[in-house]
1. In terms of Cα to Cα distance under 21 Å, which lysines are near enough to A:Lys159, apart from those fewer than 8 places away along the same chain?
2. Report the full-extension gain for the segment B:Tyr158 to B:Ala89: residue separation times 0.36 nm, less the Cα-Cα distance, to one decimal in nm.
3. In nm, to one decimal, how far is the A:Lys226 label point from the B:Glu105 one, both placed 7 Å along Cα→Cβ?
4. Between B:His145 and B:Ala71, what is the spin-label point distance in nm, taking each point 7 Å from the Cα along the Cα→C-beta axis?
5. Kirkwood Rh over alpha-carbon pairs of the stretch A:136-241, then Stokes-Einstein at 37 °C and 0.692 mPa s: what D in µm² s⁻¹, rounded to an integer?
6. Calculate the mean, over all residues of peptide B:60-73, of how many other protein chain Cβ atoms lie within 10 angstrom of the residue's Cβ.
7. Given N residues in the stretch A:70-112, what is Rg(Cα) / (2.2 N^0.38 Å)?
8. What is the sum of charges around A:Asp168, taking Lys and Arg as +1, Asp and Glu as -1, for the other residues whose C-beta is under 10 Å from the C-beta of A:Asp168?
Amino acid sequence: MEKITIIIDGKQVEAVKDQPVLMAARENGIDIPALCHHPELESSGGSCRVCLVEAVQGGRSRIVTSCNYPVRAGLEVNTSTDQVMKIRKGVLELLLCRVPDSEVVRGLASKYGIDEPRFFKDEGENNRYKCIACSLCTQVCEDVVGVSAISMQNRGVEKAPGTPFHKDSQACIGCGACAYACPTGAISMKDSKGVRTIWGRKFKMAACSVCGKPYIPQAQVDWIVKTTGKDRAFFDKCPDHR
Amino acid sequence: MGANVQKNKIDVKKIDRIIKGYDKSEESLLAILQDFQRAFQYVPEEGMKRLSRAMGVPESKIYAMGTFYKALSLKPRGKHTCKVCMGTACHLKGAGQILETIERELKVKRNSTTEDGLFTVESVNCVGACAMAPVVVVDESYAGHVRQSKVMDILDKYK
Ligand code: SF4
Ligand code: FES
Ligand code: FES
């Protein structure tokens, strides 16, 4: 880990060489909005373009996505110049036309003074989605959970995450990692009466032997036991009562 | 898509034979899907499932591939593909009526396949032959300056 000094918004700050500008900024208390980047997922980012900043290096200025732009010596970053704000506002307006039902995108857009996008054409309830096709969910499913139950399907404007053949995925363990990772709240997951419903499939939840609360899908326990050799008895109790 | 086309039994042995012809490697996936397309006129679900098992690659990944490439179709396709250009030039020259005529005469909706499995009718964007608009492409052969009254003569040759 090579420490270097860079300039963000006129301030000299310390950063690790090659780390994303976004992370360097956050570690120094400078906030840049970001949707599709997850610090734990190396391949994430670069798709929502909300995190745009101005990067000046060797006298050349460029607008870049801060979530995957590496920190290098001599870099100067501006996160909120007029130009950056204008472009970011444009990006948010377009995102909002695409997912007007996402509270997250709506909230972010309103911070930039957009309450209703100018271009939105409401095609009815069945044509409203919250998904911005960033693929965080499928990356988590593959790289972190390791089951690859979902993938990004189709292309262009039809690109969206889903289970194979649009049927129940036998590979899914109901862990819900995709729903937690989704930046726009697009994946529906419901827990009710000891049953979790996600991706059209129902999962029986195992209950804590102390408080009786259903807290983890049985299929997830099976998966963890199978892949890590962890003692099954460990899951008798929920994290609060272990 | 025609009901009897869909009910066509797909030959599981043929699927396995295609898969066996390739190395067990992620690099073979696309080639195998293309072979399915050639052999069955589409990529059957059973084929993707067997491929997933044989290669140890998750079904989700194979399905993603199958839906990504335009050259692959997940629905049974007709023996012949009839593309009606709906690009700007063709549109102005009446491609809409031509497509409607085909739909009516073949009793098929655009972007689907006739009951007898003979034609898949698609509306496509500019095929790059605007000078001869309106254009209809059957398989590899281009017909230009197509007139509504004559379009069925073109298709009849494939029956
Ligand atoms: S469902 Fe959420 S995480 Fe998945 S692609 Fe859509 S926006 Fe991204
Ligand atoms: S967070 Fe950087 S492009 Fe989405
Ligand atoms: S618009 Fe039909 S060929 Fe160009």
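1. A:Lys121, A:Lys130, A:Lys167, B:Lys61, B:Lys70, B:Lys75
2. My answer for the length gained is 22.2 nm.
3. Here the answer is 5.5 nm between the modelled labels.
4. 3.4 nm
5. Answer, rounded: 224 µm²/s.
6. 5
7. That works out to 1.47 for the stretch A:70-112.
8. Residues close to A:Asp168 contribute a combined charge of +3.
No lab work stands behind these numbers, since they all come straight from the coordinates. Being a predicted model, the structure only gives us computed values, none of them experimental. When we count neighbours, we look across all protein chains shown, and the Cβ atoms used for this are built from the backbone with ideal geometry, even at glycine.
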